[in-house]
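See structure below.
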Amino acid sequence: MGVRIVGDVTRLNRALRKLAATRLDRVAASVGEVLVSSTIQRFNEQKGPDGRPWEPLAAATVAPRKKDFKKSGGLRKQALERMEKRKILIQSGRLRNSITARRDGTRVAVGTNLVYAAIHQFGGLAGRGRGVRIPARPYLGISRADEAEIERILKEALGG
């Protein structure tokens with residue numbers, strides 16, 4: 001036996017398309033959440049999506065400032081702690097905290113609206129006269145673990 005539909009199926013087709021779009025919209029939202037979460041985790045792990053550690057901070061970046069020294073010449077305790085705890089791309093946390101997902105129907109994009117974000121992702125020359133080389137420290141991207149999680153989300157949405 002089978003199903004036979006007689007008549008105008010325009011409304012049925014419209015309803016099925018709406019159902020599919022709604023389902024895919026939820027899938028896109030889930031994928032966006034996964035990618036935002038894993039991107040933020042990269043800042044904590046100090047690694048790119050490929051698993052490679054980011055290039056260390058330049059010595060000038062972590063060097064003590066004038067105000068970090070005591071009158072006796074030694075370093076202040078807070079300065080030592082700050083220098084030891086300094087993480088790459090997390091001076092204020094602004095870049096890490098700006099990572100968001102934006103959905104447009106069934107599509108999702110993950111990124112940031114900060115102007116300086118691209119130089120950290122791709123690397124390049126910066127500063128006055130472009131005399132400072134900033135190494136690429138990719139934080140955006142899809143890791144193998146992300147791929148597996150996205151695959152799981154898609155399989156679940158499609159009923160296994």
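The values are calculated or read from the model by the stated rules, or taken from the named source; none is laboratory data. Remember, predicted model here, so these are calculated numbers, not experimental data. Ideal geometry is used to build each Cβ from the backbone, glycine not excepted, and the neighbour counts take in all protein chains shown. Surface accessibility is based on the protein's heavy atoms, side chains included, excluding ligands, DNA and RNA. Shrake-Rupley method; radii C 1.70, N 1.55, O 1.52, S 1.80 Å.
The set of residues from the range 85-107 being at pLDDT below 90, outside any loop (DSSP other than H, G, I, E, B) and farther than 18 Å from Ile142 by Cα comprises Lys85, Asp104.
Scan the range 34-55 residue by residue and report those that are more than 10 Å from the chain's Cα centre (by Cα), assigned to a helix (DSSP H, G or I) and more than 10 Å from Arg96 (Cα to Cα). Within the range 34-55, Glu45 is the sole residue that qualifies.
Tallying residues that are aliphatic (A, V, I, L, M), open to solvent by 30 Å² or more (accessible area, probe 1.4 Å) and touching a Gly at 6+ places or on another chain (Cβ under 9 Å) within the range 111-144 yields 5. Out of Ala15, Ala79, Ala60, Ala20, one residue alone is open to solvent by less than 40 Å² (accessible area, probe 1.4 Å), at pLDDT below 90 and in a helix (DSSP H, G or I). It is Ala79. So which residues in the range 106-160 are touching a helix residue (DSSP H, G or I) at 6+ places or on another chain (Cβ under 6 Å) and charged (D, E, K, R)? Arg137, Asp146, Glu149, listed by residue number.
If you go through the range 108-160 and pick out every residue that is part of a loop (DSSP other than H, G, I, E, B) and of a type in the set (Phe, Trp, Tyr), you end up with 2.
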